[in-house]
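Just below is one structure, and these are the notes that go with it.
The values are calculated or read from the model by the stated rules, or taken from the named source; none is laboratory data. Keep in mind that this is a model prediction, so the values were computed, not measured. We work out accessible area using only protein heavy atoms, side chains counted, and drop any ligands, DNA or RNA first. Shrake-Rupley method; radii C 1.70, N 1.55, O 1.52, S 1.80 Å.
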Amino acid sequence: MRKNWFLLGLVVAMVTGFLLAERGQLLNPHGSTNRVIVLILFLITGLKLPSDRIKQDLATPRLHIFLQLFIFVLVPLYFLTAIPLFRNAMDGQLLVGIFALAVLPTAVSSCIVFTQSSGGNVVAAVFNSSLAN
């Protein structure tokens, strides 16, 4: 238990959230909590970054163009080439849903967290995830 305290806490939080979902929705009827959490995450991430690094990383247009093309062109093309394999097994509405998901950018908060944990370029991740969204 002491070794896996975080995992245990995560499971308890998920079960509690599942059991008390209606009460939580009453406290936050407009869904503003999610926006506040993303805003706080941006603020904390921004405060940790040196300003000279921000200028340096934002001055790489090739990186930003590549990432936007990857999100909105290459990923949908990948799905477009894979669709013929599943066309007979899927409904038309499901195909439309798959294409909608194909151009959906990542969530800003998860993009920041995953980039930080992998040691990636956080400035570029924040900028491009914000731009894509």
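Observations on the structure shown:
- Highest mobility in the GNM of the chain, judged by mean-square fluctuation with C-alpha springs under 10 Å and restricted to Gln68, Gln93, Gln56, is found for Gln93.
- Which labelled figure in (i) 62, 33, 24; (ii) 48, 48, 36; (iii) 42, 35, 23 is Cα extents along the principal axes in Å, once derived from the coordinates: (ii)
- Using a probe radius of 1.4 angstrom, the carbon and sulfur fraction of the accessible surface of the chain is 71%.
- Choice from Pro76, Pro105, Pro50 showing the highest fluctuation, given a GNM over the chain with Cα pairs closer than 10 Å: Pro50
- GNM flexibility winner over the chain from Phe42, Phe86, Phe99 (Cα, springs under 10 Å): Phe86
- Working note: Karplus 6.51/-1.76/1.60 with θ = phi - 60° gives the stretch 6-20 the couplings 5, 4, 4, x, 5, 5, 4, 5, 5, 5, 4, x, 5, 6, 10 Hz, where Gly and Pro are set to x.
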